[in-house]
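Please treat every number below as a calculation from the coordinates, not as lab data. Quantities reported herein were computed from a predicted structural model and do not represent experimental measurements. Using ideal geometry, Cβ is built from the backbone for each residue, glycine included, and neighbour counts are taken over all protein chains shown.
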Amino acid sequence: MTSSPAPFRIVFAIYPGMTHLDFTGPHQFLSRTPNSEVVVASPAGGAVDADGLTFANTKALAGVEACDLICVPGGVVATKMAQDAAFVGEIRRLGLQAKYITSVCTGSLILGAAGLLKGKRAACHWAWRDMLPLFGAIVGEGRVVRDGNVITGGGVTAGIDFALTVLAEIAGEDTAKAIQLGLEYAPAPPFNSGRPELAPPEVLARYQAAMQKLMPTRVAEAEAAAKMMRSPLAS
C-alpha cells in the first residue's frame with residue numbers, strides 16, 4: 001500500500017501588534033492549499049492581540065520543529081520585533097530549513113534581521129522599504145517579489161497577491177485560479193490611490209506627514225536590529 005505524501009506545512013509566525021490583514025489575507029488563501037497543514041505560531045503561544053482582534057490558541061514558535069514554508073506578517077511594531085533575539089532566532093531556525101521563506105509588508109524587515117535576505121531582492125510596504133538595505137537586502141518595488149526561494153509581498157493587501165503567487169508555485173496555477181474564483185478576488189477599488197505613484201499629491205503628502213512622526217523611532221529600531229544581526233554572537 002502506497003503511503004500518501006506528507007502534508008505541505010505552512011507556518012505563520014505572528015506576534016502582538018502585527019497588522020492582522022498581513023496574516024489573515026494570506027491565511028484565507030493558503031489554508032486552502034491541497035494536502036497542506038497550516039500552523040499559526042507566536043513567540044509565547046496562546047493569545048495574540050493585533051489591531052483590535054485577538055487570535056487564540058497559537059502554538060509556541062519554539063515548539064515548531066520544521067516547516068516547508070514560513071510566512072512573517074508585518075506591522076508598526078515590526079522593527080521592534082526585529083530586535084527580539086529569541087523571536088528572530090526562531091525565524092532564522094525555521095527559515096534556514098524551509099523550502100520557501102516568505103513575508104508580507106514589513107515582515108521582510110524581520111526576515112532581514114534573521115539574516116535571511118542577504119543579497120536577496122525583497123518587497124516591503126513602500127513607506128518602509130528603504131530600511132531593507134540595512135539588512136543586506138535589495139529593494140524590490142513590486143507588489144510581489146521573488147528571489148530564489150524567497151517570496152515577499154508588499155504592503156498589507158499585497159498579501160493576497162502574494163498568497164496567489166505562492167499557491168501557483170506549490171499547487172499549480174489552475175488550483176490558484178480556482179481558489180481565487182471561490183473567494184471572488186476580483187479587486188476593483190473605488191479609488192486608485194493605493195501606491196505612492198498613483199495617489200493624488202495632497203493625499204501622499206498628508207500620509208507622509210503622519211509617517212514622519214513615527215519614522216525616526218522605526219529607523220533607529222531597524223538600525224539596532226541590523227547591528228544585532230551583524231554581531232559575531234548572532235549566528
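Quick one: dipole size for the chain, taken about the Cα centre, charges +1 on Lys/Arg Cβ and -1 on Asp/Glu Cβ, in debye to the nearest 20. Working shown, then result.
Values: 20 positive and 20 negative charges, 104 e Å.
Roughly 500 debye, rounded to the nearest 20.
Ranking Arg129, Arg9, Arg230 by Cβ neighbours within 10 Å, fewest first, what do you get?
Values: Arg129 21, Arg9 18, Arg230 12.
Starting with the residue having the fewest Cβ neighbours, the order is Arg230, Arg9, Arg129.
Can you pull out the GluC sites (Glu not before Pro) in segment 130-235 that DSSP calls coil and that have at most 10 other Cβ atoms within 10 Å? Each step should come with its number before you reach the end.
Details: sites: Glu141, Glu169, Glu173, Glu184, Glu197, Glu202, Glu221, Glu223; in loops: Glu141, Glu184, Glu197.
Hits after loop and neighbour filter: Glu184, Glu197.
In the chain, if every C-alpha pair distance is counted and binned at 10 Å from zero, what percent goes to each bin?
Taking every Cα pair in the chain, the percentages come to 8, 33, 37, 18, 4, 0, 0.
So, R0 is 41 Å and r is the distance between the beta-carbons of Lys227 and Arg206; what FRET efficiency does that work out to, to 0.05?
Working: r = 33 Å, r/R0 = 0.81.
Rounded to the nearest 0.05, the efficiency is 0.80.
What distance in nm separates the simple spin-label points at Ala85 and Thr175, each placed 7 Å from Cα in the Cβ direction?
If labels sit at Ala85 and Thr175, their model points lie 4.0 nm apart.
Taking 0.36 nm per residue of separation and subtracting the Cα-Cα distance, what length does fully extending Lys213 through Ala127 add?
Stretched out fully, the Lys213 to Ala127 stretch lengthens by 29.7 nm.
At 0.36 nm per residue, minus the direct Cα-Cα distance, what do Ser193 and Asn57 gain on full extension? Give it in nm, one decimal, please.
Extra length available between Ser193 and Asn57 comes to 45.3 nm.
What does the C-alpha gyration tensor say about the overall shape of segment 76-208? Classify as rounded when a/c is under 1.5, otherwise prolate if a/b is larger than b/c, or oblate.
Oblate, since a/c reaches 1.5 and b/c is not below a/b.
By counting other Cβ atoms within 10 Å of each Cβ, how are Met18, Met211, Met228 ranked from fewest to most?
The most exposed by this proxy come first: Met211, Met228, Met18.
Counting only C-alpha contacts under 8 Å and six or more residues apart, can you give the relative contact order of the chain as a whole percent?
18
Distance cut-off 31 Å, Cα to Cα: go down the list Lys59/Lys227; Lys99/Lys213; Lys59/Lys118; Lys59/Lys80; Lys59/Lys99 and report the pairs above it.
Listed pairs above 31 Å: Lys99/Lys213.
Using DSSP, restrict attention to beta bridges with both residues in the chain and report what percent are antiparallel, rounded to the nearest 5. Spell out each step's value before the answer.
Values: 8 of 29 bridges.
Counting only bridges with both partners in the chain, antiparallel ones make up about 30 percent.
Considering only C-alpha atoms, what is the centroid distance from segment 151-221 to segment 46-106, in Å?
19
When the chain is fully extended, how far beyond the present Cα-Cα distance does Tyr185 get from Ser31, taking 0.36 nm per residue of separation?
Extra length available between Tyr185 and Ser31 comes to 53.9 nm.
Of Leu116, Ala47, Thr58, which is farthest along the charge dipole of segment 44-129 in the positive direction, counting Lys and Arg as +1 and Asp and Glu as -1 at C-beta?
Leu116
Which one of Met18, Val77, Asn35 has its Cα pushed farthest toward the positive end of the charge dipole of the chain, where Lys and Arg give +1 and Asp and Glu give -1 at the Cβ?
Val77
Out of Gly142, Gly154, Gly52, any idea which swings most in a Gaussian network model of the chain, alpha carbons joined below 10 Å?
Evaluated over the chain, the most mobile residue of the options is Gly52.
Taking the Cβ of Ala122 as the centre, find all other residues whose Cβ is under 10 Å away and add up their charges (Lys, Arg: +1; Asp, Glu: -1). Working shown, then result.
Numbers: positive: Lys120, Arg121, Arg129, Arg146; negative: Asp147.
Computed value for this residue: +3.
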